[in-house]
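> Have a look at the structure that comes next, please.
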Amino acid sequence: MVVSIQDLSFHYSKNRTAVLDIPQWSLQSREQVFLHGPSGTGKSTLLNLLAGILLPSAGTIDILGKRINTLNGRQRDSWRARHIGVVFQQFNLIYYLSALDNIRLAALFGGTVNATSRASELLQALGIDTALHQQPAGQLSIGQQQRVAIARALINQPELLIVDEPTSALDARNRDVFMALLLDQVRLHQTALVFVSHDLALANTFSRVEAIADINRAGGIH
Ligand code: ADP
């Protein structure tokens, strides 16, 4: 089991009602789930909880059998670097570092040694030519930056990849190419994936498709 949620409740501050109220939810290894719902319904909040960036107000989240709220902040950062790949809407690349160095830095945090050749292979597999590997990330197009962010998220061979609405800045053709490349990599490395979007057009390549409203009793209304 990669993710197991029980009786999860989350609110941003004590005197506000819950953004999330999820009695039960789980994800098996190698499973890829497409989670959709309108904005403001708690999708990003859930991803931040899965990544251990936020902690539950009540209930439990186990990732790979580990109850992440039992770790302190520093332990969570280190654990996340080794086991979870995260791609947020803003890719959080370091713009003055090259594409390759952004990935090598993640490898350093995740304890992956000799990552340079694997980083190059990943970039290549994601359609970034060698000529661009040494370019500062800030000089790449949005589509290229997205691929660098995916390569960075995969460099430590995480068991779980979390991707938040990554295609909103892409046109339809680039979006389809990006999705195909992403899913190729995830299936090749047998990574479990939680992919969040409001764009149902992307759902058809996933075997498991869920509306956040079906798992979240709070429905984001508060
Ligand atoms: P989605 O990803 O589906 O758009 P979010 O998880 O971002 O939804 O937001 C769910 C609800 O929580 C929204 O009502 C939003 O305003 C609120 N929210 C999100 N982030 C914060 C925050 N840092 N502090 C307070 N409220 C927040």
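> For residue 35, only one of the following conditions fails: (1) within 17 Å of the chain's Cα centre (by Cα); (2) assigned to a strand (DSSP E or B); (3) surrounded by fewer than 21 Cβ atoms within 10 Å (Cβ to Cβ). What is its number?
Residue 35 satisfies all of (1) within 17 Å of the chain's Cα centre (by Cα); (2) assigned to a strand (DSSP E or B); (3) surrounded by fewer than 21 Cβ atoms within 10 Å (Cβ to Cβ) except (3).
> How many of the residues making up region 6-47 are more than 13 Å from the ligand (Cβ to nearest atom) and more than 15 Å from residue 218 (Cα to Cα)?
9
> Which condition number does residue 81 fail, the rest of (1) farther than 17 Å from residue 158 by Cα; (2) crowded, with 16+ Cβ neighbours inside 10 Å; (3) in contact with a helix residue (DSSP H, G or I) (Cβ under 6 Å, 6 or more places away or on another chain) being met?
(1)
> What single numbered condition from (1) modelled with pLDDT of 95 or more; (2) within 30 Å of residue 139 (Cβ to Cβ) fails to hold for residue 26?
The number of the failed condition is (2).
> Right, next: Select the helices (runs of 4 or more DSSP H) contained entirely in region 58-137, then report the ones holding at least 1 residues which are on the phi < 0 side of the Ramachandran plot, within 16 Å of the chain's Cα centre (by Cα) and among the β-branched types (Val, Ile, Thr). Quick ask: steps written out before the conclusion?
Values: elements: 73-83, 99-110, 116-125.
Per the criteria, 99-110.
> Please work out which one of (1) more than 25 Å from residue 112 (Cα to Cα); (2) within 13 Å of the chain's Cα centre (by Cα); (3) more than 16 Å from the ligand (Cβ to nearest atom) is the condition residue 160 fails and give its number.
(1)
The values are calculated or read from the model by the stated rules, or taken from the named source; none is laboratory data. What you see is a predicted model, and the numbers here were worked out from it, not measured in a lab. When we count neighbours, we look across all protein chains shown, and the Cβ atoms used for this are built from the backbone with ideal geometry, even at glycine.
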